[in-house]
Amino acid sequence: MLKTKKILSTFALIGTSLSIFASLPAAYASTSERTLYKQAKVAFDKNDTALADKLIVQLRDYPLVPYLHIKQFKRDISQLNDNIISKYIQDNKTTPFADDAQRVRLDNMMEQQRWQSFTRAYNEFPLKRNRYLCGLGYAQLQAGHKKEAFQTAQQLWEVGHSQDAACDPLFAEWMKEGHLTSDVANHRFWNAIQEKNFALAKYIERFLSDPTHKKESELFWSVKAKPELLNDVALLSKQNPHHGIMAAYGIRQIARKDISQATDLWLRDRTRLSIDKPTLDKLNEYFGLRYAKGFRDNAVEILAKLDPDFTYEKLTEWRIRLELAKQDWQSALNLIEKLPDTLKADGRWVYWKETSKYRLNPKSYQANYASVVKERSFYGFLASELSSDPFYLNHQPSGVTKEQKAILSKLPAVMRMKELLAFDYQYAARVEWNFLNKQLAASDQLALAHIAYDWGWYDQAIRGASRLKAWNDLDIRFPNPHPSLFEELANERGIYQTWAIAIARQESAFHLQARSRVGARGLMQLMPATAKQTAKRFDVNYTKPDQLFIPRTNIALGTAYLAQVLGTFEGNRVYATAAYNAGPHRVKRWLKERGDVPLDVWIETIPFDETRNYVQNVLAFSVIYDVMASRSTTLFNTQESASFALNYGNKSARPSTL
């Protein structure tokens, strides 16, 4: 009993201390506080209750003490009074801690089968997770509200994926009462099929008692095993919507092996069968992009059949690209006119409209890029260069004041973020950021992005500006945190430093600890295997992948690899940039397939959307960094610009532009 009282009195101190707008006396943490904090975390890990609680008291004004409080909460949940728990959650509902605490609370109540308390607690602070919705349904059942409970059960059971094990008791009662009919099972079966959860669908099949339902499911498995069955036009009918699901799945499977056969089947069946609009749109785009990005001989014809009314913007854009690749300027011009007005006005298509007009009549037409030259973009800069206009950055200072940042910096959430970053707890810092951002006005959200910039948290500053569409706030959107390193190491490899800086900006937004899903690491996002090979070739000190998180090592290897790919492509920066993103082998293949087209056409017709955007961004970012540094610059050098569509075949004279 004494122990319980002690826990309650200690935890009671937490209640009001975490409110997001409360003030805390310690603006900056000391080294000793950080040491105590680490000791407290170790104490919790070792279940040293006495030491952990003692250190919490000592750290009561330290910004990260709430993270110890939540550990204390989880440890002592079974002995805490519901009123204390409720107060803690309500006081901190604008912080990340409330969700965490409520999960622990609800799990504890479910484990103890305190269903009346569970309902009350859930309604106080709902968590829209299926685990707890199942708990709520079971609580309704225990309270005698069968109708509501079984409605909840059916809604949760019918989904096309497996549910949390916490749902099993509710589902068991619902089934026992006879609510799992063949119709309900059939509904879930097809939901599972559409989500490609085939193991779940097999399990559900046992509940199909209606002969029609059984026949449909058996037909699906037959089509799945042998998609060629779809060649029989009599196999499926429009009257059955599930036949549309079978056709869409089977045709997509055939497309993996034989795109031509699959396309023929799709064009035959897409209107003949009942296929929902999302699936129809998805597969129309899928087939169109497969043909377009593969530059197949009949791509123009197939895209015209797939989208005769120019419904799909992506397909229309690729139809234009196909004509650009063929340098069929009239067809490209005609297709540009089919774009929606908003897209037609985009700098990309204004550029190609004017370029196409010029190529159709080079002796008398003056390409007019006036509406594009002031855009801060790849095509804006390209238009400026061709028109002999200056590059327009359109920078607009944010208007964020020192006083505004000073006020925000005193918020507990902001102080926690700063301390989390001191420990390099990036994920937790981002969680804090997201919770706080929801509560701030837009002007304060931008100020928060500037605070992140001041801390050197550049990727978050860039992300914050992007979220607010503060595109013209270049101060935080284009930081340059390692200028000396880039200058030194780029010069050592004989490449232009701004090119390397632009690569880092595009790759990681200067996030030192960036790690991609495939394992690329650090500022310039190097794969460990590439880093190892590059280090050996250029004699760079590198022994383990974690060294890629060290700026000097990462930049040394990144600039070395850039120099390597630049050499591979005979000094062509465009091809080298594409190779840095997509790999040299792909760029070599693209050059083999389309290496005879103008350089700007080649860039626009890169088949990988990511790589096309990557190349255009890196080239544009290079200009931005140079102009911001007051360096003379060009988007392309003289040799590169000579191979543009405007100049192609006319290398002795500059084209006429307005």
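Values quoted throughout were computed directly from the atomic coordinates according to the rules given, and no laboratory measurement underlies them. Quantities reported herein were computed from a predicted structural model and do not represent experimental measurements. Here the Cβ is made from the backbone with ideal geometry for all residues, glycine too, and neighbour counts use every protein chain on show.
Only the Cβ atoms of Lys and Arg (+1) and of Asp and Glu (-1) were treated as charged; on that basis the dipole of the range 128-179 about its Cα centre amounts to roughly 160 debye.
Kindly identify the range 159-212 as rounded, prolate or oblate by the Cα gyration tensor criterion: order the square roots of the eigenvalues as a ≥ b ≥ c, call it rounded if a/c is under 1.5, otherwise compare a/b with b/c, prolate if a/b is larger, else oblate. Could you put the intermediate results ahead of the total?
Numbers: a/c = 2.33, a/b = 1.13, b/c = 2.07.
Here the range 159-212 falls in the oblate category.
May I ask for the percentage of alpha-carbon pairs in the chain that lie more than 47 Å from each other? Intermediate results must be reported in sequence, preceding the final value.
Values: 80361 of 216153 pairs.
Above the 47 Å cut-off, the chain has 37 percent of its Cα pairs.
A simple spin-label model places pseudo-atoms 7 Å from Cα toward Cβ; at ASN541 and PHE608 they are separated by 3.3 nm.
When the Kirkwood hydrodynamic radius is evaluated over all pairs of different C-alpha atoms of the range 44-99, what value in angstrom, to one decimal, is obtained? The partial results should precede the final answer.
Details: mean 1/r = 0.0830 Å⁻¹.
Hydrodynamic radius (Kirkwood, Cα only) of the range 44-99 equals 12.0 Å.
The residues neighbouring ALA645, those whose beta-carbon lies less than 10 Å from its own, together hold a net charge of -1 under the Lys/Arg +1, Asp/Glu -1 convention.
Quick one: go through the range 616-647 and flag any residue whose amide nitrogen is under 19 Å from the point 7 Å out along the Cα-to-Cβ line of GLN366. Answer for this model: 646-647. Compute for the range 128-179: radius of gyration divided by Kirkwood radius, i.e. Rg/Rh, restricted to C-alpha atoms, rounded to two decimals. A ratio of 0.92.
Net charge in the neighbourhood of GLY519 (other residues with Cβ under 13 Å of its Cβ; Lys, Arg +1, Asp, Glu -1) is +3. For the peptides 617-625, 103-111, 195-203, the ranking by packing is 617-625, 103-111, 195-203, with the highest mean count of neighbouring Cβ atoms within 10 Å listed first.
Estimate the FRET efficiency between LYS224 and GLU177 by the formula 1/(1 + (r/R0)^6), using the beta-carbon distance for r and 41 Å for R0, to the nearest 0.05.
Working: r = 33 Å, r/R0 = 0.82.
So, using R0 = 41 Å, E works out to roughly 0.75.
Scan around LEU526 for amide H atoms under 5 Å from its own, H built in the peptide plane at 1.01 Å from N, and keep only partners 5 or more places away or cross-chain. Sorted by chain and number, the residues that satisfy this are ARG521. Using all pairs of distinct alpha-carbon atoms, the Kirkwood hydrodynamic radius of the range 483-634 works out to 15.6 angstrom. Phi angles of the range 114-121 translate, via the Karplus equation with coefficients 6.51, -1.76, 1.60 and θ = phi - 60°, into HN-Hα couplings of 8, 6, 5, 5, 4, 4, 5, 5 Hz per residue; Gly and Pro are given as x. Simple spin-label estimate for ARG467 and ALA165 gives 3.5 nm between the two label positions (7 Å along the Cα-to-Cβ direction from each Cα).
For the range 383-394, 3J(HN,Hα) computed residue by residue from phi via the Karplus equation (6.51, -1.76, 1.60; θ = phi - 60°) reads 5, 4, 5, 5, 8, 6, 9, x, 7, 9, 8, 6 Hz, glycine and proline entered as x. Counting each DSSP H run of 4 or more residues in the chain as -39500 (n - 2.57), what helix-only mean residue ellipticity at 222 nm follows after dividing by all residues, to the nearest 500 deg cm²/dmol? Here the helix-only value at 222 nm equals -19500 deg cm²/dmol.
Between the listed residues THR181, PRO169, ALA153, the Cα displaced farthest toward the positive end of the dipole of the range 133-216, a dipole computed from Cβ unit charges relative to the Cα centre, is found at THR181. Considering all C-alpha pairs of the range 402-471, those separated by over 17 Å amount to 32%. Taken about its Cα centre, the chain carries a charge dipole of about 880 debye when Lys and Arg each add +1 at the Cβ and Asp and Glu each add -1 at the Cβ.
Each principal axis of the Cα cloud of the range 166-246 was evaluated for its coordinate range; sorted largest first, these ranges are 45, 21, 16 Å. In the chain, taking the dipole from charged Cβ atoms about the Cα centre, the farthest positive-side position among LEU591, TRP433, VAL540 is held by VAL540. Along the range 256-269 the Karplus relation, 6.51 cos²θ - 1.76 cosθ + 1.60 evaluated at θ = phi - 60°, assigns HN-Hα couplings of 5, 9, 9, 5, 5, 4, 4, 5, 4, 5, 5, 5, 6, 9 Hz to successive residues, with x for each Gly and Pro. Rg over Rh for the range 592-637 works out to 1.08, using Cα positions for both radii and the Kirkwood form for Rh. For the cross-link pairs LYS176/LYS214; LYS71/LYS418; LYS277/LYS353, the ones whose C-alpha atoms lie over 25 Å apart are LYS277/LYS353.
Placing R0 at 51 angstrom, the Cβ-Cβ distance between GLN513 and ALA234 gives a FRET efficiency of 0.30 after rounding to 0.05. Near PHE295: Cβ cut-off under 10 Å, other residues only, Lys/Arg at +1 and Asp/Glu at -1. The net charge is +3.
Give the whole-number value, in cubic angstrom per residue, of the convex hull volume spanned by the C-alpha atoms of the range 52-159. Before the final figure, lay out each step's value.
Numbers: hull volume 11.4 nm³, N = 108.
Here the figure is 105 Å³ per residue.
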